[in-house]
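Quick notes on the structure that follows.
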Amino acid sequence: MAEHPAYPVGLRLTGRRTVVLGGGQVAQRRLPALIAAGADIHLVSPEATPSVEAMADAGEITWHRRPYTEGDLADAWYALIATSDTEANTRASAEAEAHRVWCVRSDDADAATAWTPATGSSEGVTVAVLTSRARGRDPRHTAAIRDAVVEGLRDGTLVAPHHRTRTPGVALVGGGPGDPDLITVRGRRLLAEADVVIADRLGPRDLLAELPPHVEVIDAAKIPYGRFMAQEAINNALIEHARQGKSVVRLKGGDPYVFGRGMEELQALAEAGIPCTVVPGISSSISVPGAAGIPVTHRGVAHEFTVVSGHVAPDDERSLVDWPSLAKLTGTLVVLMGVDKIGRIAETLVAHGKSPDTPVALVQEGTTAAQRRVDATLATVAATVVAQDVKPPAVIVIGEVVAVGRTGTA
């Protein structure tokens, strides 16, 4: 029997009696999948780990607090034997054989009638990997293969074509702060499946080079505006391509809903009857300071942080920011899109009570190879920006956490 490979099969255990012997670490790892499968689980063990006990307390499993006894496997469909008592495991394995119950043994795979594959899932697909017995069982090798396949499915580097018709629509994908590795797994997968990608300048541009040749990549900044405003033209482009039956990804920098005008695009698509999926992204407001060594909060220094847009100056009638109130806060202030307005922002904060010595950090091109950090204070930041030729995109951090990030101490 050992010369033949195992026959792979998927067990449908919903409502069917499944017996687990032993409440230790093996049971703790295997029980969640059995619970998810809807099995009628009976745990036989005098003791259990806190996590396994919590499953019993929640009613997810039935716990018989005693050692294994003959007859425990009667009427079972599947058994997992994982006690620390080798003699009890052997007797239970013999009972399983006698009752034709498929049985996994954690202590002796050769004595088992079933093996547990290394499993993972992605978007409704379960990947299960078994090593051929003839080549020897190496759980680490099997798990590594499983991980590689699942990761490839999740991040889109392993693309399986859809043979059924996909529903056309738009995905608003937050691409993160710039480093292509910081896009979400779901965002990367949707990019790999797209027919059309409409990308912002601040999106992770390196990801576009990985797209298949047939994917149409459109620079949002170069969409002809004509009689339309820029955002309206982008909305129309999204609608037009989706109506052609294409899968469209709107690739945006950061998160679609953090100064990304994502809701405007969602509303336009909804009015046009176009289905839309929103994929959150890592916002530059926290990730870029972090990449530069600055924590936006720190025990004993800042108990809150506030993110504001600096695209209009404090004295501009279009500004919706209450700058005088922000000046009174003791926490961290993160300003996005404010490089060219930072002088007036600093003056306003100081005029309403913020210390001129308050530390300021400007992080340009955060998380990319071109990242650089420039430090100043509210009193010197305007001159520093000019002297150091700081250009957007840059995230501006104002507060004592800047000093924490610079020295490692408060």
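The values are calculated or read from the model by the stated rules, or taken from the named source; none is laboratory data. Quick caveat: nothing in here was measured; it's all calculated off a predicted structure. All Cβ positions, even for glycine, are placed from backbone atoms using ideal geometry, and neighbour counts span all protein chains on display.
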Going by what's in this entry, would THR116 be described as touching a residue at least 40 places away in the same chain (Cβ under 8 Å), surrounded by fewer than 22 Cβ atoms within 10 Å (Cβ to Cβ) and not acidic (Asp, Glu)? yes
Tell me which of these GLY169 doesn't satisfy, since it passes every other one: (1) closer than 19 Å to VAL278 by Cα; (2) at pLDDT below 85; (3) not polar (S, T, N, Q). (2)
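Out of the range 209-246, which residues are of a type in the set (A, V, I, L, M, F, W, C), in a helix (DSSP H, G or I) and in contact (Cβ under 8 Å) with a residue 12 or more places away in the chain?
Restricting attention to the range 209-246, the residues satisfying the condition of being of a type in the set (A, V, I, L, M, F, W, C) are 209, 211, 215, 217-218, 220-221, 223, 228-230, 233-234, 237-239, 242.
With in a helix (DSSP H, G or I) added as a condition, the list becomes 209, 220-221, 230, 233-234, 237-239, 242.
ALA220, ALA221, ILE234, ALA237, LEU238, ILE239, ALA242 - these are the residues of the range 209-246 that are of a type in the set (A, V, I, L, M, F, W, C), in a helix (DSSP H, G or I) and in contact (Cβ under 8 Å) with a residue 12 or more places away in the chain.
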Number of the exception - GLY262 against (1) touching a residue at least 40 places away in the same chain (Cβ under 8 Å); (2) within 14 Å of GLY399 (Cα to Cα); (3) in contact with a Pro (Cβ under 7 Å, 6 or more places away or on another chain): (2)
Could you check how many residues of the range 18-51 are more than 19 Å from ARG91 (Cβ to Cβ), of a type in the set (A, V, I, L, M) and more than 27 Å from the chain's Cα centre (by Cα)? 3
Here are some residues: TYR68, TYR7. Which one is outside any strand (DSSP E or B), among the hydroxyl-bearing types (Ser, Thr, Tyr) and in contact with a strand residue (DSSP E or B) (Cβ under 9 Å, 6 or more places away or on another chain)? TYR68
Condition (residue is modelled with pLDDT under 90 and not aliphatic (A, V, I, L, M)) applied to the range 243-265: is it met by at least one residue? no
On the basis of being surrounded by fewer than 18 Cβ atoms within 10 Å (Cβ to Cβ), over 25 Å from ALA128 (Cβ atoms), under 34 Å from the mean Cα position of the chain (by Cα) and modelled with pLDDT of 95 or more, does THR62 make the cut? yes
Is it fair to say VAL395 is within 22 Å of VAL312 (Cβ to Cβ), crowded, with 20+ Cβ neighbours inside 10 Å and not basic (Lys, Arg)? yes
Is it true that some residue in the range 280-295 is in the same structural domain as THR367 (by TED's automatic domain parsing), touching a residue at least 40 places away in the same chain (Cβ under 8 Å) and in contact with a Phe, Trp or Tyr (Cβ under 6 Å, 6 or more places away or on another chain)? no
Condition first: on the phi > 0 side of the Ramachandran plot and modelled with pLDDT of 95 or more. Now tell me which residues in the range 368-410 satisfy that. ASP389, GLY399
Go through (1) touching a Lys or Arg at 6+ places or on another chain (Cβ under 9 Å); (2) in a loop (DSSP other than H, G, I, E, B); (3) touching a residue at least 60 places away in the same chain (Cβ under 8 Å) one by one and return the number of the condition PRO46 breaks. (3)
Can you find even one residue in the range 78-97 that is without any contact (Cβ under 8 Å) to a residue 12 or more places away in the chain, assigned to a loop (DSSP other than H, G, I, E, B) and exposed (fewer than 13 other Cβ atoms within 10 Å of the Cβ)? no
Considering residues of the range 231-241 that are within 18 Å of VAL197 (Cβ to Cβ) and not polar (S, T, N, Q) only, the residue surrounded by the fewest Cβ atoms within 10 Å (Cβ to Cβ): GLU240
Restricting attention to the range 271-320, report how many residues are part of a loop (DSSP other than H, G, I, E, B) and not hydroxyl-bearing (Ser, Thr, Tyr). 27
Quick count over the range 375-386, residues being assigned to a helix (DSSP H, G or I), surrounded by fewer than 22 Cβ atoms within 10 Å (Cβ to Cβ) and touching a strand residue (DSSP E or B) at 6+ places or on another chain (Cβ under 9 Å), is 3
Quick check on my filter: what residues within the range 11-34 are assigned to a helix (DSSP H, G or I), of a type outside the set (D, E, K, R) and buried (at least 16 other Cβ atoms within 10 Å of the Cβ)? VAL26, ALA27, GLN28, LEU31, LEU34
